[in-house]
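J.: Before I ask anything, here is the structure I am working with.
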């Protein structure tokens, strides 16, 4: 079943930080289920855009709707995984229980199943912040998926992780997408984008420069900036 938060419609989204216009009139429509990968050079505004979509940052201007809902009204149906995991000073299992208290009371077996899905069952009683970087990120993803979000946002969630953790996280993301969750992720990794993306949104200079099916983007990008980015040129 397609996500209840589609279509995602963004109109004239603008954000200023200090003296810099980070987002300069982002206009975007995402209609299709599956995985949308956001790419672009450093400083293009990708992370700020994702945070606006999740409601962590209030833009200076613009309108965001997710299906029939505003950002504020959709928060319970969203989950976000950050580049640096945000974990509580509790055990691995307690981190899951805190994120989903209803599940912890009515169906605690699901917490164990969530740990099994990320190969952390044997770490259940350990302090979450003592896990390795890859283990912490796997826990963060398991926690995000517990409530079966309609929209999953990931901001460079596999950056600098070991290959085994990257492979596991990617497989979980693909499986969640297949179950109907709309996935939007930011990635600098072109190989990862080729593996995961159904659609690419290319952001440059705080604006959407290109939006296209993934295969088309990688084989025939339409803008000079996207061509330069894929060629490995340094963009400012």
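The values are calculated or read from the model by the stated rules, or taken from the named source; none is laboratory data. Values in this document were obtained by computation on a predicted structure and should not be read as measured data. Neighbour counts run over all protein chains shown; Cβ positions are idealised from the backbone, glycine included.
J.: For residue 61, only one of the following conditions fails: (1) surrounded by fewer than 17 Cβ atoms within 10 Å (Cβ to Cβ); (2) touching a strand residue (DSSP E or B) at 6+ places or on another chain (Cβ under 8 Å); (3) at pLDDT below 95. What is its number?
T.: (3)
J.: Being part of a helix (DSSP H, G or I), buried (at least 16 other Cβ atoms within 10 Å of the Cβ) and either out of contact with any strand residue (DSSP E or B) (no Cβ under 8 Å at 6 or more places or on another chain) or in contact (Cβ under 8 Å) with a residue 40 or more places away in the chain (or both) is the filter here; which residues of the range 208-217 pass it?
T.: Of the residues in the range 208-217, the ones part of a helix (DSSP H, G or I) are 214-217.
Add one more test, that the residue is buried (at least 16 other Cβ atoms within 10 Å of the Cβ), and what stays is 214, 217.
Within the range 208-217, 214 is the sole residue that qualifies.
J.: Among residues belonging to the range 116-126 that are under 27 Å from residue 50 (Cβ atoms) and crowded, with 20+ Cβ neighbours inside 10 Å, point out the one that is nearest to the chain's Cα centre (by Cα).
T.: In the first step, residues of the range 116-126 are kept if they are under 27 Å from residue 50 (Cβ atoms); the result is 117-120.
If we keep only those that are crowded, with 20+ Cβ neighbours inside 10 Å too, we end up with 118, 120.
Details: 118: 17, 120: 21 Å.
Among those that are under 27 Å from residue 50 (Cβ atoms) and crowded, with 20+ Cβ neighbours inside 10 Å, it is 118.
J.: Out of 99, 104, report the one residue that is modelled with pLDDT under 95, buried (at least 18 other Cβ atoms within 10 Å of the Cβ) and farther than 14 Å from residue 51 by Cβ.
T.: 99
J.: Filter the range 127-147 down to the residues that are closer than 27 Å to residue 182 by Cβ and in contact with a strand residue (DSSP E or B) (Cβ under 9 Å, 6 or more places away or on another chain), then identify the one that is surrounded by the fewest Cβ atoms within 10 Å (Cβ to Cβ).
T.: Applying the filter and picking the extreme gives 147.
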